[in-house]
Amino acid sequence: MTQGQTVISVDGLSKVYRIGQKERAHDSLVAATFDFLLAPIRNYRKFASLYRFNDLETDASGTAVADMIWALRGVSFSVRQGEVLGIVGRNGAGKSTLLKILTRITPPTRGCVQIRGRVSSLLEVGTGFHQELTGRENVYLNGTILGMTKKEVDRKFDEIVDFAAIEKFLDTPVKRYSSGMAVRLAFAVAAHLEPEILIVDEVLAVGDAAFQKKCINKMQDVGRSGRTILFVSHNMPAVKMLCNRAILLNEGRLMMDGTPHDIVSSYMSSDVGVPAARQWDDPRTSPGGSVATLREVRVVGPAGRVVDTVDIRETVGLQMEYDVRVPGHILMPQFYVYNDEGLLLFGTVDREWQPHPRAVGRYRSTAWIPGNLLTAGTFYVSCALLSRSTDTSQFYEQQVIAFMVTDNMGEGTARGDWAGWMGGVVRPRLEWETSHNEGARKLHTVR
């Protein structure tokens, strides 16, 4: 396939679903009897409506139809051979629906898609695996589905097993794999069987840090080989690192198409971006382990209020609240701060609590970043809680919150009244000393 040739063409793509409606309650026997007699007709119409969308906009009276939701609406774009396209948007924006249409899992309501080339996709953990077959058998099954011969799969088999690191469990049925093992094997198969188009949805949301790094390195290798990648992720630094182009979806519509830097900046500065605070109201679904669960994480100003934008001179706090459910454990809250290029700037650990086992209860830990340390830009924060008693992670939420630092001139800043460009990943305000000696100026930087 020629480099630069269009391999994916999406034209006016729309997808609409019918959603359930609350059943009507009856307050009399006559109404219930009448409803029972009309039930066959009503059920037939409901069944037929699942496959007919003649009333997509309004019903006969001109009222908007209540039981329809547009997952995609009029999306058009094209992808060329060798491009790595990032697809960005909040939950419910239509990203997964778009990928399901591209991989022919579901048909569109309107519009059309043209794909030229062999497609391999990883949309969910273990996508395409037969739970009763072993890992070895599933590798060959997926290769056959992709149109590869046994010799081609044989050639890649050792690389797949080595990447997935499941050699001991290779002949065990997949249904006995943990979620981490399943996603490692699924990604290894999808990336190594040489598809011309690789579609990946949130693979970096599962697995440990070492596996995620392997995934990023592998996708970079795939992109450099001239193959096409569609990459969906909420990990904005990864999108900027991997992709050479991105699109932004919001409420099923294509909002922007441009460079990853422009798309991520727009996404972050709008109300559809990564928030400055996340909260989990239900402890049963909040991130956590057997000892502690995360309840809230946020960016706060000096007054303790949530902020999403701070002046470069201001102190900013990274704060987490968590519930300790089992007493007697030594716990270490941790924050990791990344810039918008995906570079880890620093990590910080609460060392004061380190030697003290904690009692049951709600805890709030805050790490304060001094002013005039970070440069202007967008920063992403990951939070974690480590149990030193068992050396296990209770939770690790990646790029869960974000905030922006605004650049300002004037007294108290590192740039003063200098309006020129100042690069770097940090911008500390250092103490300077200048001395004069026989007409020569000597500058000394004191930290």
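If you build the convex hull over the alpha carbons only and average its shadow over all orientations, what do you get for the range 277-406? Give it in nm² to one decimal.
The orientation-averaged projected area of the Cα hull of the range 277-406 comes to 7.6 nm².
Please arrange Ile41, Ile369, Ile115 by counting, for each residue, the other beta carbons lying within 10 Å of its beta carbon, fewest first. Intermediate values should be presented prior to the final figure.
On the way: Ile41 9, Ile369 22, Ile115 17.
In increasing order of surrounding Cβ atoms, one gets Ile41, Ile115, Ile369.
What nm value, rounded to one decimal, do you get for the distance between Leu29 and Thr6 when each label is placed 7 Å out toward the C-beta?
6.8 nm
Please list, in order along the range 106-112, the HN-Hα scalar couplings obtained from phi with the Karplus expression 6.51 cos²θ - 1.76 cosθ + 1.60 (θ = phi - 60°), rounded to whole Hz, x for Gly and Pro.
Karplus values, whole Hz, x for Gly and Pro: 9, x, x, 7, 9, x, 8.
Semi-axes, largest first, in whole Å: what does sqrt of 5 times each Cα gyration tensor eigenvalue give for the range 209-260?
For the range 209-260, the ellipsoid semi-axes come out as 22, 14, 9 Å.
Quick check: net charge around Gln81, other residues with Cβ under 11 Å of its Cβ, Lys/Arg +1 and Asp/Glu -1? Provide the component values of the computation, followed by the final result.
Details: positive: Arg80, Arg116, Arg227; negative: Glu83, Glu196.
Around Gln81, the surrounding residues sum to +1.
Place a point 7 Å from the Cα of Ser290 along the Cα-to-Cβ direction; which residues of the range 354-389 have their backbone N under 15 Å from it?
Of the residues in the range 354-389, 387-389 have backbone N under 15 Å from the label point off Ser290.
Figure the gain on full extension for Asp162 and Arg388 (residue separation times 0.36 nm, minus the Cα-Cα span) and round it to one decimal in nm.
Fully extending the segment from Asp162 to Arg388 adds 78.3 nm.
Please report, largest first and rounded to whole Å, the three semi-axes of the ellipsoid equivalent to the range 127-256, where each semi-axis is the square root of five times an eigenvalue of the C-alpha gyration tensor. Don't skip to the answer; put the middle values down first.
On the way: eigenvalues 142, 54, 40 Å².
One finds semi-axes of 27, 16, 14 Å for the range 127-256.
Have a look at Tyr338, Ala303, Pro355 and report the one farthest towards the positive end of the charge dipole of the range 277-406, computed about the Cα centre with Cβ charges (Lys/Arg +1, Asp/Glu -1).
Among Tyr338, Ala303, Pro355, the one farthest towards the positive end of the dipole of the range 277-406 is Pro355.
What lysines does Lys15 reach when the alpha-carbon gap must be under 17 Å and sequence neighbours fewer than 8 apart in one chain are set aside?
By straight Cα distance, Lys15 reaches Lys95, Lys100.
Let's test the formula: R0 of 45 Å, r as the Cβ-Cβ distance of Glu433 and Val306. What FRET efficiency results, to the nearest 0.05? Numbers along the way, then the final one.
Working: r = 40 Å, r/R0 = 0.88.
In this case the efficiency is close to 0.70.
Given labels modelled 7 Å from the Cα in the Cβ direction, how far is it in nm from Asp281 to Gln220?
4.2 nm
Calculate, in nm to one decimal, what Ser76 and Arg362 gain on full extension: separation in residues at 0.36 nm each, minus their alpha carbon distance. Working shown, then result.
On the way: separation 286, 0.36 × 286 = 102.96 nm, distance 4.84 nm.
Full extension from Ser76 to Arg362 adds 98.1 nm.
Please give me the summed charge of the neighbours of Met332: other residues whose Cβ is under 12 Å from its Cβ, Lys and Arg +1, Asp and Glu -1.
Cβ neighbours under 12 Å give a net charge of 0.
Using unit Cβ charges (K, R positive; D, E negative) and no other charged atoms, how large, in debye to the nearest 20, is the dipole of the range 219-334 about its Cα centre?
320 debye
Taking the Cβ of His261 as the centre, find all other residues whose Cβ is under 10 Å away and add up their charges (Lys, Arg: +1; Asp, Glu: -1).
-2
Each value in this text was obtained by applying a stated rule to the coordinates, not by laboratory testing. None of the values given here were measured: they were computed from a predicted structure. Positions of Cβ are backbone-derived with ideal geometry, glycine not excepted, and every protein chain shown enters the neighbour counts.
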